[in-house]
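Below: one structure, written as structure tokens.
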Ligand SMILES: NC(=O)c1ccc[n+]([C@@H]2O[C@H](COP(=O)([O-])OP(=O)(O)OC[C@H]3O[C@@H](n4cnc5c(N)ncnc54)[C@H](O)[C@@H]3O)[C@@H](O)[C@H]2O)c1
């Protein structure tokens, strides 16, 4: 019960690692505010946690819209009294999510803007919305999902740029937060089986990660066990970024 009575807010929490993180935080005692673009899915996700005996609420939030982001943070504070943990999970490679596989130099500009806005701007806006409260509380953790492609680069150029930006944002938030007891950490996964096709991406260990393997690292970094870690990016990629993969 590492998160007993902690309040967590998560973006992109209707599916994948955002959802699993919310579920596992709730299992360890946190009260969780799940946010996602998709109202029905995020409401069902929160209801599932409540049905298991946890405390959760689902809110529709488009991370590209600061008014919605800030309203969700206010709701968390009104309902539960604080915000201790932010997990920025909303995101994805624009060419895949927008079903637009063109090479970057021929890519539709709206797709590129989606990639930058959801993967980077949304996380910056969410951090902006929680940081003042965390500084005032004298505690808090901002955990953001980057990607190994933020380290190695990506053929989906806006995705690679945004995910590198997340690593930079984490360092900058750590600078702002450290004097006030607020930490910022970043997790950069290789392929994760939130979708079966991720099994096709190569790693040195010859497999993709189970979502639980990534979420265990996320929970560790959000917990007091990681109290001396801030500004750090953790690559968890089965050795993919060592290089030399065909
Ligand atoms: N799955 C992988 O292999 C992998 C690898 C490296 C990094 N990542 C990163 O980890 C994070 C989670 O990945 P996943 O595979 O679990 O994701 P996922 O696709 O299962 O979930 C992403 C969620 O973000 C939500 N979302 C999309 N646009 C949004 C918006 N504008 N506002 C709010 N929510 C929005 C979606 O509705 C969805 O529920 C992402 O940031 C992704 O880039 C994933």
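Please enumerate the residues belonging to region 3-55 that are within 15 Å of the ligand (Cβ to nearest atom), in a loop (DSSP other than H, G, I, E, B) and crowded, with 24+ Cβ neighbours inside 10 Å.
12, 13, 14 - these are the residues of region 3-55 that are within 15 Å of the ligand (Cβ to nearest atom), in a loop (DSSP other than H, G, I, E, B) and crowded, with 24+ Cβ neighbours inside 10 Å.
Which residues, taken from region 218-246, are at positive phi and modelled with pLDDT under 95?
Scanning region 218-246 gives 243, 244.
Would you mention how many residues in region 165-196 are over 14 Å from the mean Cα position of the chain (by Cα) and part of a helix (DSSP H, G or I)?
12
Do we have any residue at all in region 67-75 that's without any contact (Cβ under 8 Å) to a residue 40 or more places away in the chain, out of contact with any helix residue (DSSP H, G or I) (no Cβ under 7 Å at 6 or more places or on another chain) and near the ligand (Cβ under 9 Å from one of its atoms)?
Within region 67-75, one or more residues are without any contact (Cβ under 8 Å) to a residue 40 or more places away in the chain, out of contact with any helix residue (DSSP H, G or I) (no Cβ under 7 Å at 6 or more places or on another chain) and near the ligand (Cβ under 9 Å from one of its atoms).
Taking region 116-140, which residues are within 22 Å of residue 68 (Cβ to Cβ) and not in a helix (DSSP H, G or I)?
140
Looking for whichever is touching a helix residue (DSSP H, G or I) at 6+ places or on another chain (Cβ under 9 Å), farther than 24 Å from residue 20 by Cβ, within 15 Å of the ligand (Cβ to nearest atom) and not in a helix (DSSP H, G or I) here; the options are 155, 161. Which one fits?
155
Name the one entry in 168, 140 that is away from the ligand (no atom under 15 Å from the Cβ), at pLDDT 95 or above and more than 20 Å from residue 80 (Cβ to Cβ).
Being away from the ligand (no atom under 15 Å from the Cβ), at pLDDT 95 or above and more than 20 Å from residue 80 (Cβ to Cβ) holds for just one of 168, 140, which is 168.
Consider region 79-115. How many of its residues are closer than 17 Å to residue 65 by Cα, surrounded by fewer than 18 Cβ atoms within 10 Å (Cβ to Cβ) and within 13 Å of the ligand (Cβ to nearest atom)?
Within region 79-115, residues that are closer than 17 Å to residue 65 by Cα, surrounded by fewer than 18 Cβ atoms within 10 Å (Cβ to Cβ) and within 13 Å of the ligand (Cβ to nearest atom) number 1.
The values are calculated or read from the model by the stated rules, or taken from the named source; none is laboratory data. Everything quoted here is computed from the prediction, not taken from an experiment. Reconstructed Cβ throughout: ideal geometry from the backbone, glycine too, with neighbour counts over all protein chains shown.
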